[in-house]
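Working notes, beginning with the structure itself.
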Amino acid sequence: MNVTDSKQIVQRIKSKLIHALGTTIGEATNDEIYKAAAECIREDIMTSWADSRRRVQEQGAKKLYYMSAEFLLGRAFSNNLINLGLYETYKAAFLEMGIDFDAITEEENEAGLGNGGLGRLAACFLDSLSTMELPAVGCGIRYEYGMFRQKIVDGTQIEMEDDWLRDGNIWEIERPELSVEVHFNGTIEENWTENGLEIKQKDYNTVIAVPYDMPIIGYKTKTPATLRLWSARSKQRFDLHSFNEGIYDKAMADQTFAEAISKVLYPSDDHMQGKQLRLKQFYFLASATMQSMLKRHKQIFSDLHTLPDHVVIQINETHPALAIPELMRILMDEEGFGWDEAYQIVKKMFHYTNHTIMTEAMECWDENMFRFLLPRIYQIVCAFNEKYCNKIRAYYSHDEEKVRSMAIIGNNEIRMANLCVAVCRRVNGVSNLHGDILKEKIFNSSYRIFPQKYLAITNGITHRRWFGLANQGLYHLAKEYIKGDILKDYHLFEQFLLYKEDEEFLKKYSEVKENNKIRFAKYIKEKQGIEINPDSIFDVHCKRLHEYKRQLMKCLHIIYVYQRIKKDPECITTPITFIFAAKAAPGYTKAKEIIRLIHSVAEMVNKDPDMKGKIQVVFVEDYCVSVAEMLIPAADISEQISTAGMEASGTGNMKFMMNGALTIGTMDGANIEIAERVGRENIFIFGDSAEGNYNKKTYHTYNPGIIFENNPWIRDVCNCLIEGNLLYYGKKYSEIYQSLLFGEYGEADPYYVLADFPSYIETYETMYRLYVDQKEEWIKKTVINTAKSGYFSSDRTIEQYNEKIWNLKPVK
Ligand SMILES: *Cc1c(COP(=O)(O)O)cnc(C)c1O
């Protein structure tokens, strides 16, 4: 980078405005200024990007293909500036021009190509890979519409389309010359020739996959990684013949078939939808990626047998797993390999990360639909199944029950997780607890045959975005106190420990928090017209809405506090603002009902004069990366209250601890490892363990009715759902009440809300008292949390993947 002077940047932006956009700084709209500035940044990236691709190629370096159906990137503008080391310079340039820098950054539509944690993890990984200069390409789908935008009307979630590309996307480069064809449907023709059996797919439908590449800038490096997103196009852009014949709908049909594939992201998190279009999306991603990977390899190395030396593939959940049979197909049908020869290559290349153990999330496809859409892939999956079942049979001495449960095909379904476990070289969980559950429960039968396959690597977050960018105040404090470049080296977080008794430091540290709270208060006032008290405790529960994440428990807790204030107004001396943010999958009725409940509780609390200056409830609309960046640094309390055993890792928990919030949480996912690092005195743990919950489920020992009977105050809280003050929007919450106490299909309170509720209340009370009576102690604990958060940088996570799985060498 040669241009680092703010005056020069002003000149370049002005020049871009006039030459590229035909306007001047005085006339330009914010959008035009955004575009001009972003163009300047892009120019600086392009040279090093091309150069880094060339070097990877010249060095014959091994390259990672990180395949994911989701990349929840967030905005790129400011993040790129941070990573280029130009953030302050650009800010100064905008100041000189008299333009509000933040307003310009808000012009960018965030790339919300993901649902939640899984997609955000993929984005954090790319940032770390690039910073560590490991050769990598992210492979995904260029959804025309990302995660829906959420509005709330009368307590009800309304979904609106996320037209994120409407003003163009500065950061992507279309590469039509690298397009490939993807084939669906048709029939399979088998011919014996002198070269053996030849297999051809006939009468198929063709979709063109066009790649769009985005540079992923690492922090102060010269080797950006690439994110390659595939967009679907029809083969004939337009069937002119049909059009001239006047058959307009036929002319459109082909185009619609093709382009529907990359139209929209499915908005369900941790829930499998057996929709044909979803299967098309996954195969589209798998086939396009495998074809372009092979093309590149053949160009550089010519011999396909060396593939495993030069390519390693990580699949994020099972969504991209069709790449496994797809690579087999290409090697056999197009490159003339036999099954064994192809399999020797494939089994060395693929690695699978599991993200959830919930059965409703396990990817299974209707066998008939699968065969109809992907006839050749179906044959290959059948072959995998047969060979694998024989292996199991040999090991488990013909225990057919075992064989059935582990089979890739069963009950007329294709089970993608079983395919991955059968073929992948490594299978990893995303926290230590989750890894253990995979070994001991979910994939135990497989683990006993292939123990070497299984490992756990705890998730992480990029501290550049979630600390350096999102919490500028704290980052500046780090620059003042900490030796070395913390954005480069996550170990340096530990240096914060040196200052945990330093009064001046502690004062500055808590001022940062106060300022972040004021910033968030402004935001929510502007966006939703809600006044909140920045001097209150910000208690934040933000993540996807899911029953296992137990937003319901938080609602019950607020009702409990409300009822206590009614009886004893003095029980709350420091006010609390309870803040929720969550999107529910549009088809997830119960989740939407819980959003409505949150709004009813908010209305009950916020309109009651007795609650004034005591408690307030706020629901932040449209939770997304940009909202998280604003909200998390403002939090005092981090709610991580999932049913133990169900949150595979969580990454929200890590963002909060890094930014100086204290966690109230269960012994679940990465919470356990947070507790190990900060010490039990610096985190608030409550509730039953994963083991305890497992036993409740297995031995049917849980009866919420008894808890209800024995605790009058729990009874009062539950009764509030069906009577009294909560009857807003003309609604009662009798379904929620019913399912807590009696269940719908015999299983009452399946997420053990009432079981953990007394322990939650007690722990919360302790936590609250600490904040109110010993604020210095509180701050000290938050500093310790920040100091111990370095371990949860995704740089550490990527180091472990590289050491245990990939073995990539940094680009020179
Ligand atoms: C980090 C993040 C998540 C994941 O949060 P969890 O608390 O781990 O579920 C989801 N959505 C967004 C926008 C995030 O930034």
Which condition number does residue 41 fail, the rest of (1) surrounded by fewer than 16 Cβ atoms within 10 Å (Cβ to Cβ); (2) without any contact (Cβ under 8 Å) to a residue 60 or more places away in the chain; (3) under 19 Å from residue 88 (Cα atoms) being met?
(1)
Can residue 591 be described as out of contact with any strand residue (DSSP E or B) (no Cβ under 8 Å at 6 or more places or on another chain), within 16 Å of the ligand (Cβ to nearest atom), assigned to a helix (DSSP H, G or I) and under 14 Å from residue 150 (Cβ atoms)?
yes
Do the conditions hold for residue 329, that is, is it within 26 Å of residue 176 (Cα to Cα) and over 27 Å from the mean Cα position of the chain (by Cα)?
yes
For the range 527-575, give me the residue count where each residue is among the hydroxyl-bearing types (Ser, Thr, Tyr), away from the ligand (no atom under 16 Å from the Cβ) and either closer than 20 Å to residue 656 by Cβ or not in a helix (DSSP H, G or I) (or both).
3
Take the residues in the range 144-154 that are in contact with a strand residue (DSSP E or B) (Cβ under 9 Å, 6 or more places away or on another chain) and more than 16 Å from the ligand (Cβ to nearest atom); name whichever of them is farthest from residue 81 (Cα to Cα).
152
Checking residue 473 against (1) assigned to a helix (DSSP H, G or I); (2) in contact with a strand residue (DSSP E or B) (Cβ under 6 Å, 6 or more places away or on another chain), which test does it fail?
(2)
All conditions in (1) out of contact with any strand residue (DSSP E or B) (no Cβ under 9 Å at 6 or more places or on another chain); (2) closer than 24 Å to residue 769 by Cα; (3) among the polar types (S, T, N, Q) are true of residue 682 except (1)
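Kindly evaluate residue 604 against the criterion of being aliphatic (A, V, I, L, M), touching a residue at least 40 places away in the same chain (Cβ under 8 Å) and within 12 Å of the ligand (Cβ to nearest atom).
Values: aliphatic (A, V, I, L, M): yes; touching a residue at least 40 places away in the same chain (Cβ under 8 Å): yes; within 12 Å of the ligand (Cβ to nearest atom): no.
No: the conditions fail for residue 604.
Which residue is nearest to the ligand (Cβ to nearest atom), if the candidates are limited to the range 74-98 and must be part of a loop (DSSP other than H, G, I, E, B) and in contact (Cβ under 8 Å) with a residue 60 or more places away in the chain? Spell out how you get there, then give the answer.
Taking the range 74-98 first, the residues part of a loop (DSSP other than H, G, I, E, B) are 75-76, 85-86, 98.
Add one more test, that the residue is in contact (Cβ under 8 Å) with a residue 60 or more places away in the chain, and what stays is 75-76, 85-86.
Details: 75: 12, 76: 15, 85: 24, 86: 24 Å.
For the range 74-98, the residue satisfying everything is 75.
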Among the residues of the range 478-499, which ones are of a type outside the set (Lys, Arg) and part of a loop (DSSP other than H, G, I, E, B)?
482, 484, 485, 486, 487, 489
Scan the range 707-717 and give yes if some residue there is out of contact with any Cys (no Cβ under 9 Å at 6 or more places or on another chain), closer than 25 Å to residue 751 by Cα and not in a helix (DSSP H, G or I), otherwise no.
yes
Could you count how many residues in the range 447-465 are over 15 Å from the mean Cα position of the chain (by Cα) and of a type outside the set (A, V, I, L, M)?
9
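Condition test on residue 102, is it without any contact (Cβ under 8 Å) to a residue 40 or more places away in the chain and surrounded by fewer than 19 Cβ atoms within 10 Å (Cβ to Cβ)? Before you say what the answer is, go through the steps one by one.
Details: without any contact (Cβ under 8 Å) to a residue 40 or more places away in the chain: yes; surrounded by fewer than 19 Cβ atoms within 10 Å (Cβ to Cβ): yes.
So residue 102 passes the test.
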Check on residue 69, modelled with pLDDT of 95 or more, surrounded by 23 or more Cβ atoms within 10 Å (Cβ to Cβ), more than 15 Å from the ligand (Cβ to nearest atom) and on the phi < 0 side of the Ramachandran plot
yes
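Is it the case that the range 726-743 has a residue that's over 24 Å from residue 430 (Cα atoms), small (Gly, Ala, Ser) and assigned to a loop (DSSP other than H, G, I, E, B)? Steps first, answer last, please.
Taking the range 726-743 first, the residues over 24 Å from residue 430 (Cα atoms) are 726-743.
Pick out the ones that are also small (Gly, Ala, Ser) and you get 730, 734, 739, 743.
Still in the list and also assigned to a loop (DSSP other than H, G, I, E, B): 743.
Within the range 726-743, one or more residues are over 24 Å from residue 430 (Cα atoms), small (Gly, Ala, Ser) and assigned to a loop (DSSP other than H, G, I, E, B).
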When the residues of the range 99-131 are narrowed to those that are more than 30 Å from residue 24 (Cβ to Cβ) and in a loop (DSSP other than H, G, I, E, B), which ends up nearest to the ligand (Cβ to nearest atom)?
116
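Given the condition of a type outside the set (Lys, Arg), closer than 29 Å to residue 432 by Cα and within 34 Å of the chain's Cα centre (by Cα), answer yes or no: does some residue in the range 722-742 qualify?
The first filter runs over the range 722-742 and keeps only residues of a type outside the set (Lys, Arg), leaving 722-730, 733-742.
Filter once more, keeping what is closer than 29 Å to residue 432 by Cα: none.
No; the residues of the range 722-742 include none that is of a type outside the set (Lys, Arg), closer than 29 Å to residue 432 by Cα and within 34 Å of the chain's Cα centre (by Cα).
Suppose we filter 440, 494, 504 for residues that are within 29 Å of residue 86 (Cα to Cα) and surrounded by fewer than 18 Cβ atoms within 10 Å (Cβ to Cβ); which single one remains? Give the derivation first.
On the way: 440 fails: within 29 Å of residue 86 (Cα to Cα); 504 fails: within 29 Å of residue 86 (Cα to Cα).
Of the residues listed, the single one that is within 29 Å of residue 86 (Cα to Cα) and surrounded by fewer than 18 Cβ atoms within 10 Å (Cβ to Cβ) is 494.
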Which one of the conditions (1) crowded, with 22+ Cβ neighbours inside 10 Å; (2) of a type in the set (Val, Ile, Thr); (3) more than 19 Å from residue 272 (Cα to Cα) does residue 403 fail to meet, given that it meets all the rest?
(1)
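Identify the residue in the range 398-457 that is outside any helix (DSSP H, G or I) and of a type in the set (Lys, Arg) and, among all such residues, is nearest to residue 371 (Cα to Cα). Can you show your working first?
From the range 398-457, those outside any helix (DSSP H, G or I) are 398-399, 407-415, 424-431, 443, 450, 454-457; that's our starting set.
So of that shortlist, the ones also of a type in the set (Lys, Arg) come out as 415, 425-426.
Details: 415: 14, 425: 26, 426: 28 Å.
Among residues in the range 398-457 that are outside any helix (DSSP H, G or I) and of a type in the set (Lys, Arg), the one nearest to residue 371 (Cα to Cα) is 415.
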Among what's in the range 692-727 and is free of Cβ contacts under 8 Å to residues at least 40 places away in the same chain and acidic (Asp, Glu), pick the residue that is nearest to residue 763 (Cα to Cα).
709
Can you tell me how many residues in the range 105-143 are closer than 27 Å to residue 650 by Cβ, surrounded by fewer than 24 Cβ atoms within 10 Å (Cβ to Cβ) and of a type in the set (Asp, Glu)?
1
Hey, does the range 11-23 have a residue that's in a loop (DSSP other than H, G, I, E, B), touching an Asp or Glu at 6+ places or on another chain (Cβ under 7 Å) and free of Cβ contacts under 8 Å to residues at least 24 places away in the same chain?
yes
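Please find, among 261, 315, the residue that is in a loop (DSSP other than H, G, I, E, B), at pLDDT 95 or above, crowded, with 20+ Cβ neighbours inside 10 Å and among the aliphatic types (A, V, I, L, M). Before the answer, list the steps.
On the way: 315 fails: in a loop (DSSP other than H, G, I, E, B).
Step by step, each of 261, 315 is checked, and only 261 is in a loop (DSSP other than H, G, I, E, B), at pLDDT 95 or above, crowded, with 20+ Cβ neighbours inside 10 Å and among the aliphatic types (A, V, I, L, M).
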Residue 442 being closer than 22 Å to residue 791 by Cβ and touching a residue at least 60 places away in the same chain (Cβ under 8 Å):
no
All positions within the range 346-360 that are closer than 20 Å to residue 454 by Cα and either in contact with a Cys (Cβ under 7 Å, 6 or more places away or on another chain) or not polar (S, T, N, Q) (or both)
346, 347, 348, 349, 350, 351, 352, 355, 357, 358
Scan the range 733-762 residue by residue and report those that are closer than 20 Å to residue 680 by Cα, of a type outside the set (D, E, K, R) and either surrounded by fewer than 18 Cβ atoms within 10 Å (Cβ to Cβ) or modelled with pLDDT under 95 (or both).
758, 759
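The values are calculated or read from the model by the stated rules, or taken from the named source; none is laboratory data. Keep in mind it's a predicted model, so treat the numbers as computed, not measured. Positions of Cβ are generated from backbone atoms using ideal geometry, with glycine treated the same way; all protein chains shown enter the neighbour counts.
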